[in-house]
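Asker: The structure under discussion is supplied below as structure tokens; questions concerning it will follow.
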């Protein structure tokens, strides 16, 4: 378990750096696909099989196919072809270091506390992972689910409107 | 031997930070979008971790909702990027100032 986690964690970090650092957008997209697949494995380690399937289908399947198609259709130039920029990237790195330090200190100084819930892995395994989450989704979380469904409808209508609009 | 929760959270924080750096450093709008996806993924990892270690389902449910919202966001965002591209503008977030005019 620990060795597997170490391998997947290293994989996650390397592919995340790839998303940020590669110059060609297609390589960024492929790194992001690899990152999402690694994340799906982490979900499996965390006993969230439903999230594993959703991650593979929605992210690695649908979202990244959209990205790759758009990149292949538009053939955007690599960042190399943009005019050289000044020292802005230094601010980005400085921000990143400060942010990571803040997150780390917060994590280690405050510990992880919280009231334990009733859904131990045994309880979930007895009822089935998808069944438990489905019951939670359509009883306790019914309103968020409905709001999200409206959001999806609005996004679909908005995308169609944007695609149909005549360009000046 | 189980992996302690804070290692998952540290990994989540590291990936989120990388995404934030990329969001500010990169200039191609598509790559900026990918960095946002990276940050959302890191948050999903934190949700799933807390859900697992607190024996609760709320984190998993919210991670699922985040995945849905991210899909909707990608659809609209890519539609806008394609419109900007078809309008013949430069694909550089530093040069885009359509809303200013």
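Readers should treat all values here as calculations from the given coordinates under stated rules, not as data from a laboratory. Since this is a predicted model, take the numbers as computed values, not measurements. Cβ coordinates were reconstructed from backbone atoms using ideal geometry, including for glycine residues, and neighbour counts include every protein chain displayed.
Asker: Below 8 Å, C-alpha to C-alpha, sequence gap of six or more: please give me the relative contact order for region B:5-90 in percent. Don't skip to the answer; put the middle values down first.
Answerer: Values: 64 pairs, mean separation 23.2, N = 86.
Dividing the mean separation by the residue count of region B:5-90 yields 27 percent.
Asker: Taking every residue in A:8-15, how many Cβ atoms of other protein chains lie within 10 Å of its Cβ, on average?
Answerer: On the way: counts 1, 7, 1, 0, 9, 4, 0, 3.
Per residue, the average neighbour count from other chains is 3.
Asker: Taking chain A as a Gaussian network, where each spring joins two C-alpha atoms under 10 Å apart, which residue of A:102, A:32, A:142 fluctuates the most?
Answerer: A:102
Asker: First obtain the Kirkwood hydrodynamic radius of region A:24-157 from its Cα pairs, then insert it into the Stokes-Einstein equation at 10 °C and 1.306 mPa s, and state the resulting D in µm² per second as a whole number.
Answerer: The diffusion coefficient I find is 82 µm²/s.
Asker: I'd like the FRET efficiency for residue A:56 and residue A:126, computed as 1/(1 + (r/R0)^6) with the beta carbon distance as r and R0 of 22 Å, rounded to 0.05.
Answerer: 0.30
Asker: Please give, to one decimal in nm, the separation of the simple spin-label points placed at residue B:6 and residue A:27, each 7 Å out from Cα toward the Cβ.
Answerer: Each label point lies 7 Å from its Cα, and together they span 3.6 nm.
Asker: Assuming a ≥ b ≥ c are the square roots of the Cα gyration tensor eigenvalues, decide whether region A:1-79 counts as rounded (a/c under 1.5), prolate (otherwise, with a/b larger than b/c) or oblate. Could you put the intermediate results ahead of the total?
Answerer: Details: a/c = 5.04, a/b = 1.59, b/c = 3.18.
It comes out oblate by the Cα gyration axes.
Asker: Using a/c under 1.5 as the rounded threshold, could you call the protein assembly as shown rounded, prolate or oblate? The axes a ≥ b ≥ c are square roots of the C-alpha gyration tensor eigenvalues, and prolate needs a/b larger than b/c, oblate otherwise.
Answerer: oblate
Asker: Which whole number gives the average, over all residues in A:124-133, of C-beta atoms from other chains lying within 10 Å of the residue C-beta?
Answerer: Rounded to a whole number, the mean comes out at 1.
Asker: Looking only at A:67, A:43, A:141, which one moves most when chain A is put into a Gaussian network model with springs between Cα atoms under 10 Å?
Answerer: Largest GNM mean-square fluctuation: A:141.
Asker: Another question about this same structure. At 1.306 mPa s and 10 °C, plugging the Kirkwood radius over alpha-carbon pairs of chain B into Stokes-Einstein gives what diffusion coefficient in µm²/s?
Answerer: In µm²/s, the coefficient rounds to 104.
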